[in-house]
Amino acid sequence: MTRTATFFRLLALLTAALFAADLFIGSASLSAGEVWEALTGRAADAAVIDIVLKIRLQKAVTALAAGAALAASGLQMQTLFRNPLAGPYVLGVSSGAGLGVALFLLGAPLLGVGARSAVQALGIVGAAWLGSATVLLAVAAASRRIKDIMVILILGMMLGSGIGAVVEILQYLSDEAALKSFVVWTMGSLGDVTADRLALLLPAVAAGLALAVASIKPLNLLLLGEQYARTTGLDVRRTRQRIFLSTILLAGTVTAFCGPIGFVGLAVPHLARMLFRSADHRVLLPASIVAGSALLLACDLLSRTLALPINTVTALAGIPVVVYVVLRNRSLF
Amino acid sequence: MIAFEHLTLAYGQRTLLHDTAAALPGGTLTALVGRNGTGKSTLLRALAGLDLPAAGEILLAGRPLRALTPRERATAVSFVATDRVRIADLTAEATVALGRAPYTDWIGRMQPADRERVAHALRDVGMEAFARKTMDRLSDGERQRILIARALAQETPAILLDEPTAFLDLPNRYALATLLRRLAHDEGKCILFSTHELDVALAFCDRVMLLDPPALHCLATDAMVRSGRIERLFAGSGVVFDARTRRVLGDADGR
Amino acid sequence: MKRFSPLSLVGALLLAVGCDAPAPHTADDFTLALYTPAYASGFEIRGLAGDTPAQPAPTGQTPQIAQIPPTATGTAPQSRPADAAKPAAVPPRPAAAPHSPTLLTIRNPWQGARGVEQQVLILRGDATAPAGFEGTVVRAPLRRVVCLSSSFVAMFDALGEIARVKGVSGIDYLSNAYVAEHRACGEVRDVGPDTNLDYELLAAMRPDAVLLYGVTGANSVAEAKLAELGIPYIYIGDYTETSPLGKAEWLVAVAELCDRRAEGEALFGRIEARYEARRAQVAAYVEERAPDIACRPRVLLNTPYRDTWFLPSSENYIVRLIRDAGGDAFTAAGDGNASQPVELEQAYLLAADADLWLHTGSCNTLAELRSQNPRFAEVPAVRQGRVWNNNRLQTPAGGSDFWESGVVRPDVVLDDLFQIFYPDNGLDYTPVYYHALR
């Protein structure tokens, strides 16, 4: 078997193992037998069924989907911007989501927006999604008129910073309890997703991944730079729009449901490159998807065992990867 | 094959070429010469469809360039740029295979015919031994030849190259020139490349296109040599061009 | 005939059971006002029409408050004892039949809420909820409760029902003795912060209800997850009440959930009586000593966020407590409910004018206060050491009992403040929740 195929199988196996571990380990001590019974529908105790199916299974599925989504988005961002330090949030997606949530939690009372308004009806999730989608659409609109991709990258980052400043103002003016809610949101959480939210998250992630797959050939062409890509027949403008749309669906949706989860989108593509030693996105995209799921499942297990917020764990896992990549300084683009 | 009329090119505010015209038939090898900053790269980029000219019409095989879809353009003209492509984990063979993009399916799957073309292109530039090496491990000259092979694999009737001999050593410069001439004469391709190597241009090319802003002159090589325009290129530089011997002479050489 | 007698027995039994089992009711059937709060605006308890009123709730002994000794000048500044001691005439409060369901209506339990209502149907005995009922359904008395705010814990404790509390949020910040004693054995568990609840633990605990709160909006995440797990939740809106007695009055709602409404009413009645008595007494005292409001101690509240001070609105409950204790807090201009940010210089002018500084947050010594707010180090209140913080009772992790039992005992807080504002009122009293910064 080729190196690629072997590693892929190992990675898939690892992901499956971590998924199972996520189901069998938790704060309510359940025996393996009890968990198995609940999964196969033979458990009698309602509490056990609830814990396994409604809490652990949903959390594991969320981690699986979110990890895949963030990694796929990060890979696209890195290739599109020809920057190994790009990630899913480089266009201001998480800042936009943060603004939406800040307006919802902190700003609504400041601005005197009442409870029955559309804002409240959205909930945190809706507000976050709207925020990130708006920012990304603004960047996408700007990119129709701007040819140089570096300018777009810098625009996105500046927009993100500007939004961050607005969010800080909202935080500054709010009271302790609201502030704490917002800060806790920024720490990320995989456990808040209910079944009907999964019914929104999974299709969005699936659609985003489908768009990413459709961009495999364009991404490969972009490796040589935009000039070569264009003279080989790539419609760069349309490719960018497709990648931006994929990022809204992947990074935007995950951030809306789980809060901003950092480093996964940045580190996993590099892990995939290190493992598979390929620049071909036909290998890198599936590899990133599976590795992303595996990494986030592992981080979730760690975060529960160590009682740390998920973002802390992903940072601890991701930072060494990024440092390693920067130090090795291989010409990735 | 490649033709343009009333072509005006500008770089920012500066007009490089104004209302120029030329026609390059298939089966010819043309050298694009001129001093630095005269717009050689700009012209090549315009002919490749990368930039829009300020005015004028560019025609590829009689069809207007701007009317072509990106894919149609990609099957008509290929381009070798001056970009450095140093990507880790990207093999030489994979790079050349990217040239087949206009012909492969949505995910870029290669058919046996595509693979054959890639191998053929690698052989043409003499790099078949380097197929498995990654781009970041090649020297500049080797990389350059791979990128040329990529353009060859794209199998287009017209090929544009920007300073293709820049990184090549002496033997390889002549090898490349020989290859380009063979492609032009034996396979009927229309090839235009910019160069500072006057001897290569004069020895191998059928036509010479000389940029003398705001004008552009395109003549058969002999006619260009006799026209005296090449001497004007060297005016005031302390060297002269001897039309008779087709050599560049310094003051020390018998003047 | 013999053959039919077992049948007729069964039939009779069925009839008997059928008659006793109450039919399900819709929310509109609850028209009998069982408890309409006098101070709180966020809840109401109603019973079924047709329940007969019972005896008035026992108020027990009228609570006495300490009398202020006469001053040296001979005037007796104390209030007329008769006024203070006389409880307000209590109309006979109706009581529902023992197993009758009641409806607890919660209104606007978070800031900025308008038109938000939660209907909580409290079932008893074998009663069942009506088919179309869309609110929350719980069965009283609640045996296993999770409290997400420390004030809820204090309410259960005040009622003597603390043993019903099985889960809390942030156990390190709770001063409650029962909770502290029962944490090691796992009787009372920490379910995590309200923004990141441990749902596995909640599912395993299977509480009868989770009492939660919203700050600027609903806690939509918790709502969704709890609904999915089938755990009822009830919003307790004491946080938004601006009246000190209104906050405490929520213990009656909690009492209803424990099937102890009469006791809850009585308890609150005593708290109310003490509070009102003290208030009247203070009013009379201050009338003598400082009739002009300009002579009352001026109070600066809180510490700034970096360089911005926030003046509380005049409706703020702490401001009201201060007013009732004979003080005069610096408040935001206008009538609104919002706090007003003021610039450093303006705040300095106010501080220079303040007689007292209260609620200094994390500062517990004058040195800390000076180092955190260097520009205010020399204001008169600091120089004279008239700075008080409300965390005299504090857990090691920094949870102040002021926000816990202090919510249920506004009368004690009032006592504390009166003592702080008028230290030579002659009462032999040491503040419970406040300590002076040294």
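None of the figures in this text is laboratory data; all of them are computed from the coordinates on show. What you see is a predicted model; the values in this text were computed from it and never measured. Please note: Cβ atoms are built from the backbone with ideal geometry, for glycine as well, and neighbour counts cover all protein chains shown.
At-a-glance table
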| quantity | calculated |
| --- | --- |
| Square roots of 5 times each gyration tensor eigenvalue, C-alpha, the range A:3-328, largest first, Å | 31, 28, 16 |
| Distance violations [Cα-Cα > 26 Å] among A:180/C:225; A:54/C:247; B:40/B:189; A:180/C:247 | A:54/C:247 |
| Distance (nanometres) between label positions extended 7 Å along Cα→Cβ at residue A:31 and residue A:166 | 5.6 |
| Shielding of B:84-92 by partner chains, average beta-carbon count, 10 Å | 6 |
| Semi-axis lengths, Å, the range C:215-284, gyration tensor of Cα atoms, sqrt of 5 times eigenvalues | 32, 17, 4 |
| Per-residue [θ]222 nm for chain B (sum of -39500 (n - 2.57) over DSSP H runs n ≥ 4, rounded to 500) | -10000 deg cm²/dmol |
| 26 Å tail of the calculated P(r), the range B:2-219, as % of Cα pairs | 34 |
| Highest-MSF residue in chain A out of A:133, A:307, A:20 [GNM, Cα springs under 10 Å] | A:307 |
| GNM flexibility winner over chain B from B:113, B:74, B:166 (Cα, springs under 10 Å) | B:113 |
| Residue A:85 versus residue A:9: modelled label distance in nm, points set 7 Å from Cα along the beta carbon direction | 4.0 |
| Mean Cα-pair separation over length for chain B, i.e. relative contact order, pairs under 8 Å, 6 or more apart, % | 26 |
| Ratio Rg/Rh, restricted to the range A:20-78 and using Cα atoms, in which Rh is the Kirkwood radius | 1.17 |
| The range B:108-255: proportion of alpha-carbon pairs further apart than 23 angstrom, % | 46 |
| Potential lengthening between residue C:206 and residue C:335 on full extension [0.36 nm per residue; Cα-Cα distance subtracted] | 42.0 nm |
| Cα-based radius of gyration of the range C:326-371 once divided by 2.2 N^0.38 Å, which approximates compact folds | 1.33 |
| Label zone at residue C:383 (point 7 Å along Cα-to-Cβ), backbone N below 20 Å, the range C:397-438 | C:437-438 |
| Estimated FRET transfer efficiency when R0 is 51 angstrom, pair residue A:44-residue A:319 (beta carbons, to 0.05) | 0.65 |
| Using a Förster distance of 22 Å, the FRET efficiency for residue A:206-residue A:20 (Cβ separation, nearest 0.05) | 0.50 |
| Residue B:239 paired with residue C:371, simple spin-label distance in nm, labels 7 Å along Cα-to-beta-carbon | 7.5 |
| GNM result for chain A, Cα springs below 10 Å: residue of A:185, A:129, A:36 fluctuating most strongly | A:36 |
| The range C:290-436 - share of DSSP beta bridges that are antiparallel (%, nearest 5) | 50 |
| Förster radius 56 Å - calculated FRET efficiency between residue C:315 and residue B:140, Cβ distance, rounded to 0.05 | 0.15 |
| Paramagnetic reach from residue A:150 in the range A:63-89 [backbone N under 19 Å; point 7 Å along Cα→Cβ] | A:77-87 |
| Helix axis angle, B:112-124 relative to chain B longest principal axis, alpha carbon, degrees | 40 |
| MRE, 222 nm, helices only [DSSP H, n ≥ 4, -39500 (n - 2.57), over chain A, to nearest 500] | -23500 deg cm²/dmol |
| Average beta-carbon neighbours from other chains, 10 Å sphere, peptide A:133-142 | 0 |
| Hull-based mean projected area of the range C:290-436, where the convex hull spans the alpha carbons, in square nanometres | 9.1 |
| DSSP H segments from chain A that extend 20 Å or more along their own axis, Cα-based, with Kyte-Doolittle mean of -1.0 or above | A:3-24, A:58-81, A:118-145, A:149-172, A:195-214, A:281-306, A:310-328 |
| Antiparallel bridges, percent of DSSP beta bridges restricted to the protein assembly as shown (to nearest 5) | 55 |
| Largest-first ellipsoid semi-axes for the protein assembly as shown, taking √(5λ) over the Cα gyration tensor eigenvalues, angstrom | 79, 36, 23 |
| The range C:290-436: relative contact order as a whole-number percent, Cα under 8 Å and 6+ apart | 22 |
| Gain upon complete extension [residue B:11, residue B:170; 0.36 nm per residue less C-alpha separation] | 54.0 nm |
| Cα-based reach from residue A:217 at 23 Å (exclusive), listing lysines while leaving out same-chain residues under 8 positions away | A:147, B:133 |
